[in-house]
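The structure appears below as structure tokens.
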Amino acid sequence: MTSNEIVLSMAPDAIKARMNYAQVLAGSGLIPSHFQRQPANVLVAIETGAALGIPPIQALQGIAVINGKATMSADLMAAVVRRAGHTLRVREEGDRVTAILIRRDDPDFMFTVTWTPQKATEAGLWGRKGPWTQYPMQMLRSRAITEVCRQGASDALFGLIYAPEELGADVDEDGNVVSVDRSQPPHNTDHPQVEHTPVSTPQAPAQDGDDQDRQRLVESIYKVVEYLQLKPDAVKALVRRVTGKTAFVRDLPSEDLEKVLAELKAIVNSFPDPLRPVENDGDVVDAEIVEDEQP
């Protein structure tokens, strides 16, 4: 065991001691506000930090539980990746922020991600109320770091591939969480379970014909995405490849939605016949999207 590794005992007494420790910390006014009176989240952060070799107090400062997901600040993500032996550099040129990652085991290849106001605008982030208005360059830096770390060193992150602000939290200039709006679903990933876009919304307001057709396209795409178990990054890449746009599925116009749905159908149809589903709970039949019948 290296000096950076933290191993937690799974003995019942040790687990109980950690639960009591989390309970005490949750009552402190010296920990981040989103952890106060949240002992379960404190425990999750401590356990997650242990898996990453991070001491409890540092874990509470850099890890946050947002909408049921443990997230890591961009600065902590950078520290973890560098500690794993990978090289990470960040360069600012005017209003452009570029993050460069070179893996320890593949020094001849360089992962590069650049975020600009234009890219943030296409993603629906630039000028958004909160940190994107207060600290725009810091947010560009954060996005560049988290994206390049996901691309080149996801193995070092143990699944903590998103920063808190990517899942809807408000952060300060240093990336520390200052508030979490738990009434709102995350707004920056294209996975149907993350966006919480329902297949049917009984209490939704009336829509005109075009809006209803567009909503059906969105729902059909989400059904196929869920069936294929595509990750958010894979969905984003597919949208970029098919439409040439960096946007969420829900924000695409109808003509682009039709292109994305056609591409997803083609992917399903490319499966060998023995692997192609005959039916999937009435949602997908031979790659055809079956819409629920209207009463």
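The values are calculated or read from the model by the stated rules, or taken from the named source; none is laboratory data. None of these values were measured; they are calculated from a predicted model. Quick reminder, even Gly has a Cβ in these numbers, built from the backbone with ideal geometry, and neighbours come from all protein chains shown.
Residues of the stretch 224-258 being of a type in the set (D, E, K, R), surrounded by 14 or more Cβ atoms within 10 Å (Cβ to Cβ) and either in contact with a Phe, Trp or Tyr (Cβ under 7 Å, 6 or more places away or on another chain) or over 23 Å from Ile161 (Cβ atoms) (or both), which ones?
Those that are of a type in the set (D, E, K, R), surrounded by 14 or more Cβ atoms within 10 Å (Cβ to Cβ) and either in contact with a Phe, Trp or Tyr (Cβ under 7 Å, 6 or more places away or on another chain) or over 23 Å from Ile161 (Cβ atoms) (or both): Asp256, Glu258.
Counting just the residues of the stretch 1-28 that are at pLDDT below 85 and closer than 22 Å to Val80 by Cβ, which one comes out surrounded by the most Cβ atoms within 10 Å (Cβ to Cβ)? Step through it out loud before you land on a result.
First, pick out the residues of the stretch 1-28 that are at pLDDT below 85: 1-15.
After this cut, where a residue has to be closer than 22 Å to Val80 by Cβ as well, the list is 1-8.
Details: Met1: 7, Thr2: 5, Ser3: 6, Asn4: 11, Glu5: 10, Ile6: 16, Val7: 9, Leu8: 13.
The residue in question is Ile6.
Pull up the stretch 158-195, narrow it to residues that are part of a loop (DSSP other than H, G, I, E, B), modelled with pLDDT of 70 or more and not aliphatic (A, V, I, L, M), then point me to the one that is nearest to Gly85 (Cα to Cα).
Our first condition is that a residue be part of a loop (DSSP other than H, G, I, E, B); within the stretch 158-195, this holds for 158-163, 168, 172-176, 181-191.
Subsequent filtering for residues that are modelled with pLDDT of 70 or more retains 158-163, 168.
Within this subset, residues satisfying the condition of being not aliphatic (A, V, I, L, M) are 158-159, 162, 168.
Working: Phe158: 15, Gly159: 18, Tyr162: 20, Gly168: 30 Å.
Among those that are part of a loop (DSSP other than H, G, I, E, B), modelled with pLDDT of 70 or more and not aliphatic (A, V, I, L, M), it is Phe158.
Among the residues of the stretch 63-82, count how many are at pLDDT 85 or above and outside any strand (DSSP E or B).
10
Across the stretch 134-164, which residue is nearest to Ala51 (Cα to Cα) among those that are buried (at least 21 other Cβ atoms within 10 Å of the Cβ) and touching a Phe, Trp or Tyr at 6+ places or on another chain (Cβ under 6 Å)?
Step by step, filter the stretch 134-164, then rank; the result is Gly152.
Listed residues Ile57, Ile46, Ile31, Ile63; which is buried (at least 17 other Cβ atoms within 10 Å of the Cβ), more than 21 Å from the chain's Cα centre (by Cα), under 30 Å from Ala153 (Cβ atoms) and not charged (D, E, K, R)?
On the way: Ile57 fails: buried (at least 17 other Cβ atoms within 10 Å of the Cβ); Ile46 fails: more than 21 Å from the chain's Cα centre (by Cα); Ile63 fails: more than 21 Å from the chain's Cα centre (by Cα).
From the options Ile57, Ile46, Ile31, Ile63, the qualifying one is Ile31.
What are the residues in the stretch 249-268 that are touching a Ser or Thr at 6+ places or on another chain (Cβ under 8 Å) and not acidic (Asp, Glu), if any?
Let us first name the residues in the stretch 249-268 that are touching a Ser or Thr at 6+ places or on another chain (Cβ under 8 Å), namely 250, 252, 256, 259-261.
Of everything in the stretch 249-268, those that are touching a Ser or Thr at 6+ places or on another chain (Cβ under 8 Å) and not acidic (Asp, Glu) turn out to be Arg250, Leu252, Lys259, Val260, Leu261.
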